[in-house]
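Data first, discussion second: the structure below is written as structure tokens.
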Amino acid sequence: MSAEAIIEVDNVSTVLGGHVIHRHLNLTVYRGEVMALIGGSGSGKTTLLRLLLGLEVPTAGSVKIFGHPLGRCAARDLECVRYRWGVLFQNGALFSALNVFDNVALPLRELKSVPDDLVKPLVMLKLAQVGLKPEDALKRPAELSGGMVKRVSLARALILDPQLLFLDEPTAGLDPDSAKQFVKLLRRLRQELELTVVMVTHDVDTLFAVVDRVAVLADQHIIACGPLADVARLPHSFVRNFFLGHLERCAEEDLRRFRLSLDDTSEDGGVPAVLREAEEIHH
Ligand SMILES: Nc1ncnc2c1ncn2[C@@H]1O[C@H](COP(=O)(O)OP(=O)(O)OP(=O)(O)O)[C@@H](O)[C@H]1O
Ligand SMILES: [Mg+2]
């Protein structure tokens, strides 16, 4: 892993509606890593993501993304930074009145600099890349399964080819099989697209499958941040309960075997090689 910091949260405090959500919170995310953010319900995980997206402003401290301080950089600078990240919101946040194609095309059309005749091939490639069929493009969100909603949201998050991907509970609400397929897809895309990922999750299997480091948000700040095996042994009540019954899986060898087993089974609904090549040509 290179030591280039992509996200730097420095001594942040956040007060919302008179409540202190974060106090002296520090977090650094490096290029190319998958960082999980775990913490109890109401501990401030989504609020932290909103700070990282510039949707919320910290009461004190600073947030830098790609070296740009959010909140202090010029509007134009912020726009440039924004196009370098994609977000998958907790519930998918698709527009119900738009079909799959238009939902995924939205960020491209907002950019205005992408010619109309390029929008269609780009969207169709992205849909294929997340394992959706061409005919899914015309479906409305209400006609999709939970797993498909996540895939469409992921396609939309990736449509501008971001370097940084934010995921809020990407596998929540999926049945175990769909969750596993989704995690396999993430593993593959992360490698293919060289993404840096920040993921809020309470799903232990997702952590074991894909994460490099885990940050624990408790008592209003990041109480620990490090490899799974180290964090899982932390003597803190939230951490102890979170990893209850899973500690033995943290051993390096077990983790490696589990991850290999995910890569083994071929079908993750992924993109056929021919489409992958087409995308490479496009870039
Ligand atoms: N705009 C707001 N005004 C006041 N309080 C807020 C606001 N947004 C969030 N909060 C409060 O901040 C706390 C943290 O909320 P947040 O959504 O960040 O938690 P979370 O860790 O994501 O929880 P969950 O796991 O349930 O999604 C909660 O107590 C919430 O009520
Ligand atoms: Mg949340």
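Taken together, the values in this text are just the output of simple stated rules run on the coordinates, not laboratory data. Because the structure is predicted, anything quoted here is derived from the model rather than measured. Here the Cβ is made from the backbone with ideal geometry for all residues, glycine too, and neighbour counts use every protein chain on show.
Quick one: grab Rg to one decimal and Dmax as a whole number for the range 1-148, Cα atoms only, in Å.
Calculated on Cα positions, Rg and Dmax stand at 18.0, 50 Å.
Rounding to the nearest 20 debye, state how big the charge dipole of the chain is about its Cα centre with +1 on each Lys and Arg Cβ and -1 on each Asp and Glu Cβ. Don't skip to the end; give the middle numbers.
Numbers: 32 positive and 37 negative charges, 114 e Å.
Rounded to the nearest 20 debye, it is 540 debye.
For the range 76-136, what value does the Rg/Rh ratio take when both radii are computed over Cα atoms and Rh is the Kirkwood radius, given to two decimals?
Numbers: Rg = 12.6 Å, Rh = 12.9 Å.
Result: Rg/Rh = 0.97.
Select from Met35, Met199, Met124 the residue whose mean-square fluctuation is largest in a Gaussian network model of the chain (Cα-Cα springs shorter than 10 Å).
Met124
For the range 51-197, what's the relative contact order in percent, using C-alpha pairs closer than 8 Å and at least 6 residues apart? Walk me through the numbers before you get to the answer.
Numbers: 173 pairs, mean separation 40.8, N = 147.
Rounded, it is 28 percent for the range 51-197.
If neighbour count is taken as other Cβ atoms inside 10 Å, put Ser62, Ser96, Ser113 in order from fewest to most. Write out the running numbers ahead of the final one.
Values: Ser62 14, Ser96 8, Ser113 5.
Result, fewest neighbours first: Ser113, Ser96, Ser62.
With runs of 4+ DSSP H residues as the only contributors, calculate the mean residue ellipticity of the chain at 222 nm using -39,500 (n - 2.57) per run, divided by the residue total and rounded to the nearest 500. Provide the component values of the computation, followed by the final result.
Working: 11 runs with 113 residues, N = 283.
For the chain, the value works out to -12000 deg cm²/dmol.
In nm, to one decimal, how far is the Leu55 label point from the Ala229 one, both placed 7 Å along Cα→Cβ?
3.6
Which of Ala218, Ala142, Ala172 moves most in a GNM of the chain, Cα contacts under 10 Å?
Evaluated over the chain, the most mobile residue of the options is Ala142.
Can you give the Rg/Rh ratio of the range 174-246, where Rg is from the C-alpha atoms and Rh is the Kirkwood radius?
Working: Rg = 13.2 Å, Rh = 13.4 Å.
We get a ratio of 0.99 for the range 174-246.
Relative to the present Cα-Cα distance, how much length would full extension add between Leu111 and Arg140 at 0.36 nm per residue of separation? Spell out each step's value before the answer.
Values: separation 29, 0.36 × 29 = 10.44 nm, distance 2.30 nm.
Difference between extended and current length: 8.1 nm.
Report the percentage of all Cα-Cα pairs in the chain whose separation exceeds 25 Å, rounded to a whole percent.
On the way: 19071 of 39903 pairs.
Percent of Cα pairs beyond 25 Å in the chain: 48.
Restricting to the chain, what percent of DSSP beta bridges are antiparallel, rounded to 5? Don't skip to the end; give the middle numbers.
Numbers: 20 of 38 bridges.
Around 55 percent antiparallel, to the nearest 5.
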